[in-house]
Amino acid sequence: MFRTLDDLDAKGKRIVLRADLNVPAKDGKVTDTTRIDRSAATIRELAEKGGRVIILTHFGRPKGREEKYSQRLLVDPLAKAIGRPVAWADDVIGVDAVEAVNAMKDGDVLLMENVRFHPEEEKNDPVFARALADLGQAYVNDAFSTAHRAHASTEAIARLIPAYAGRLMQAELEALGKALEHPEKPVAALVGGAKVSTKLDLLGNLVAKVDYLVIGGGMANTFLFAQGVAVGKSLCEKELADTAREIIEKAKAANCQIVLPTDVVVAGQFAENAPSKVVPVDAVPEDMMILDAGPASAKSIVDRLSDCRTLVWNGPLGAFEISPFDAATNAVAKAAAQCTKEGKLLTVAGGGDTVAALAKAGVEEQFSYVSTAGGAFLEWLEGKELPGVVALTPKKSGCGCGH
Ligand code: AMP
């Protein structure tokens with residue numbers, strides 16, 4: 001485990017905090033403050049303990065300094081979220097940055113301009129990282145969502161000054177650890193979404209770790225096709241049939257049971273309220289496409305979940321954006337939420353459209369943990385090491401007081 005805020009004596013220290021405040025905005029105004037609100041706990045805690053909190057964050061993919069990517073618009077919403085004034089620095093290095101930091105008192109919070117205005121950030125440049133590190137005496141990373149990238153403010157800096165996980169990072173790492181590294185068994189993974197090709201590494205990693213792998217969405221069609229099922233006009237990566245068969249073999253060898261739909265909802269076109277019907281998987285009409293798992297499949301997934309203690313979920317079971325092809329996703333999501341409420345199941349979900357699908361099912365708040373980290377969550381599901389996590393200071397080394 002890594003050092004957390006519990007190991008950091010923040011009082012009087014200049015603390016460089018890497019947060020992910022990458023929020024949507026329109027006409028210079030923030031339209032959704034979720035990420036700001038989620039980051040508030042760490043900022044508030046450090047400031048309340050008397051730390052001088054220097055916040056680094058990124059937005060977009062600017063080519064040098066581009067005003068449309070300025071982070072200044074975050075100052076007011078951030079101040080509101082943490083209930084304290086927030087000062088502003090026009091750059092992360094140089095005279096402006098140093099002057100702003102020197103003007104800070106204990107408990108002050110300073111937001112700095114977009115760290116990606118410097119191309120050295122994404123190059124993980126050691127000289128730039130040294131300049132960022134020199135701003136503070138300790139470093140806190142609360143941006144799990146950028147931890148899959150080795151950038152100066154997420155990786156190199158953590159090797160230069162004592163590095164701690166912020167509360168958000170800590171919560172994410174704890175939830176992910178409980179779900180796959182040391183889970184209560186049996187463990188089920190539900191993987192849906194459009195294509196097998198984007199999830200090969202993920203499937204390969206999961207079959208070695210879970211007891212049940214439930215496959216849904218468009219990618220289930222490829223697995224069905226690989227087993228000789230005619231899938232009509234369905235989305236299907238026929239060229240990946242061998243790969244699908246290899247994954248099935250790997251699962252068998254690892255004692256992981258693959259669960260595929262036994263009935264499906266088919267329609268003539270991919271459109272809202274397109275006329276549809278439920279058919280067994282071996283009776284998909286040639287001129288129709290599979291757009292959802294059928295009710296019997298959804299019920300059998302739910303029955304299996306009632307025997308499980310842990311569920312990891314990535315990707316919808318059908319074309320959830322268009323009704324009625326959200327039915328299986330909704331039914332399984334609601335059942336998983338109910339098991340979570342009853343304390344029988346730990347539910348961890350995230351990546352891509354999953355957050356939207358669970359929100360549409362109305363259960364986002366009822367899962368044990370829903371990660372909004374996107375790419376970082378997926379890389380973790382693939383079993384990859386995340387550079388921003390690996391670079392954090394392990395708990396056992398050092399005196400733990402930030403020196
Ligand atoms: P992903 O980003 O890989 O999780 O894929 C999510 C997308 O998969 C959503 O836009 C769904 O509409 C789509 N999807 C799920 N099931 C199907 C299906 N049977 N046919 C076509 N698209 C699907």
Which listed residue is in the same structural domain as G12 (by TED's automatic domain parsing), closer than 30 Å to A356 by Cβ and either touching a residue at least 40 places away in the same chain (Cβ under 8 Å) or of a type in the set (S, T, N, Q) (or both), from A133, A47, A138, A81: A81
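Here is a list: L235, L224. Which entry is within 16 Å of the ligand (Cβ to nearest atom), more than 21 Å from L358 (Cβ to Cβ) and open to solvent by 20 Å² or more (accessible area, probe 1.4 Å)?
From the options L235, L224, the qualifying one is L235.
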Residues within region 116-149 that are within 26 Å of K63 (Cα to Cα), out of contact with any Phe, Trp or Tyr (no Cβ under 9 Å at 6 or more places or on another chain) and open to solvent by less than 40 Å² (accessible area, probe 1.4 Å), tallied: 8
From D20, D32, D9, D37, residue being among the acidic types (D, E) and crowded, with 22+ Cβ neighbours inside 10 Å: D20
Selected residue (criterion: nearest to the chain's Cα centre (by Cα)) from residues of region 316-358 that are crowded, with 21+ Cβ neighbours inside 10 Å and hydroxyl-bearing (S, T, Y): T354
Residue satisfying all of: in region 346-369; farther than 22 Å from I322 by Cβ and touching a residue at least 12 places away in the same chain (Cβ under 8 Å); nearest to the ligand (Cβ to nearest atom) among these: G350
Looking only at region 301-338, and only at residues there that are part of a loop (DSSP other than H, G, I, E, B) and among the aromatic types (F, W, Y), the one that is nearest to F377 (Cα to Cα): F320
Condition check for L213: among the hydrophobic types (A, V, I, L, M, F, W, C) and either within 16 Å of the ligand (Cβ to nearest atom) or outside the structural domain of A244 (by TED's automatic domain parsing) (or both): yes
Flag for S306 being within 29 Å of the chain's Cα centre (by Cα) and either at pLDDT 95 or above or of a type outside the set (S, T, Y) (or both): no
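Taking region 141-157 as the region of interest, how many residues are assigned to a helix (DSSP H, G or I) and polar (S, T, N, Q)?
Counting residues in region 141-157 that are assigned to a helix (DSSP H, G or I) and polar (S, T, N, Q) gives 2.
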Within region 196-210, considering residues that are within 11 Å of the ligand (Cβ to nearest atom) and free of Cβ contacts under 8 Å to residues at least 60 places away in the same chain, the one nearest to P295 (Cα to Cα): V196
Every residue from region 361-375 that is assigned to a helix (DSSP H, G or I) and at pLDDT 95 or above: Q366
Residue that is in contact with a Leu (Cβ under 7 Å, 6 or more places away or on another chain) and crowded, with 19+ Cβ neighbours inside 10 Å, where the choices are V312, V363, V284: V312
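Condition check ((1) open to solvent by less than 70 Å² (accessible area, probe 1.4 Å); (2) among the small types (G, A, S); (3) closer than 30 Å to E364 by Cα; (4) part of a loop (DSSP other than H, G, I, E, B)) across all residues:
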site	(1), (2), (3), (4)
R44	no, no, yes, no
G60	yes, yes, yes, yes
K68	no, no, no, no
L73	yes, no, yes, no
P77	yes, no, yes, no
A81	yes, yes, yes, no
V95	no, no, no, no
Odd one out for A171, checked against (1) open to solvent by 10 Å² or more (accessible area, probe 1.4 Å); (2) closer than 30 Å to S39 by Cβ; (3) within 16 Å of the ligand (Cβ to nearest atom): (3)
Within region 361-373, tally of residues that are under 20 Å from L317 (Cβ atoms) and either touching a Phe, Trp or Tyr at 6+ places or on another chain (Cβ under 6 Å) or not hydroxyl-bearing (S, T, Y) (or both): 8
Selection status of K252, within 25 Å of the chain's Cα centre (by Cα) and either away from the ligand (no atom under 12 Å from the Cβ) or in a loop (DSSP other than H, G, I, E, B) (or both): no
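The values are calculated or read from the model by the stated rules, or taken from the named source; none is laboratory data. Just so it is clear, the model here is predicted, and its values are computed rather than measured. When we count neighbours, we look across all protein chains shown, and the Cβ atoms used for this are built from the backbone with ideal geometry, even at glycine. Side chains included, ligands, DNA and RNA excluded: accessible areas come from the protein's heavy atoms. Shrake-Rupley method; radii C 1.70, N 1.55, O 1.52, S 1.80 Å.
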